[in-house]
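First comes the structure, then the notes that go with it.
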Amino acid sequence: MGDNTLGPVLSTAIILVIPAQPRRTAWRVALRRAAHQLIDVPPVLVDPIAIPILGTETDAMLRENPSRFETGRYSTYLRAFLAARRCFAEGQLAAARRRAVSLRSRDHGDDGGTWRR
């Protein structure tokens, strides 16, 4: 019973974690969002931090040659999908906030803590 069967798995997982490094998938999404700002005119999604968040070295390389990071056959489509997905998510978040504001305005003393910021 007191046997920790997850011990080896957890210790292996901890060793594989690299501090302060983004996952490869997140990094590729960030690169495509930044490339979207430079390649697609006009951009579907205006994101003022998409490029600076990558760091100064990557920022400079991306500005020098935005297509450098877009080498795959479907890069254009994937970049467009990611921008559209982000716009959709932002729209859904804005709608949820509006609903929460609407629900808060109808709160008459009963517990509306779930909807308060």
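Could you please tell me which pairs satisfy a Cβ distance under 7 Å, a separation of 6+ or placement on different chains, a first residue in region 85-110 that is surrounded by 10 or more Cβ atoms within 10 Å (Cβ to Cβ), and a second residue that is modelled with pLDDT under 85 and part of a helix (DSSP H, G or I)?
Taking only residues 6 or more apart or on different chains, the pairs are 100/115; 103/115; 104/115.
Could you list, in sequence order, the residues of region 36-58 that are surrounded by 15 or more Cβ atoms within 10 Å (Cβ to Cβ) and assigned to a helix (DSSP H, G or I)?
36, 37, 38, 39, 54, 58
Can you report the number of residues in region 19-35 which are assigned to a helix (DSSP H, G or I) and either without any contact (Cβ under 8 Å) to a residue 40 or more places away in the chain or farther than 13 Å from residue 86 by Cα (or both)?
The initial filter retains those residues of region 19-35 that are assigned to a helix (DSSP H, G or I), namely 24-35.
Next, from what is left, pick out any that are either without any contact (Cβ under 8 Å) to a residue 40 or more places away in the chain or farther than 13 Å from residue 86 by Cα (or both): 24-28, 30-31, 34-35.
The qualifying residues number 9.
Name the pairs: first residue in region 41-70 and farther than 15 Å from residue 29 by Cα, second residue of a type in the set (D, E, K, R), Cβ to Cβ under 7 Å, at least 6 apart or on different chains?
Listed pairs, sorted by first residue: 61/68.
Please enumerate the residues belonging to region 79-97 that are closer than 17 Å to residue 34 by Cβ and more than 14 Å from the chain's Cα centre (by Cα).
80
The values are calculated or read from the model by the stated rules, or taken from the named source; none is laboratory data. Not measured: the values here are computed from a predicted model. Every residue, glycine as well, gets a Cβ built from its backbone with ideal geometry; the counts of neighbours run over all protein chains shown.
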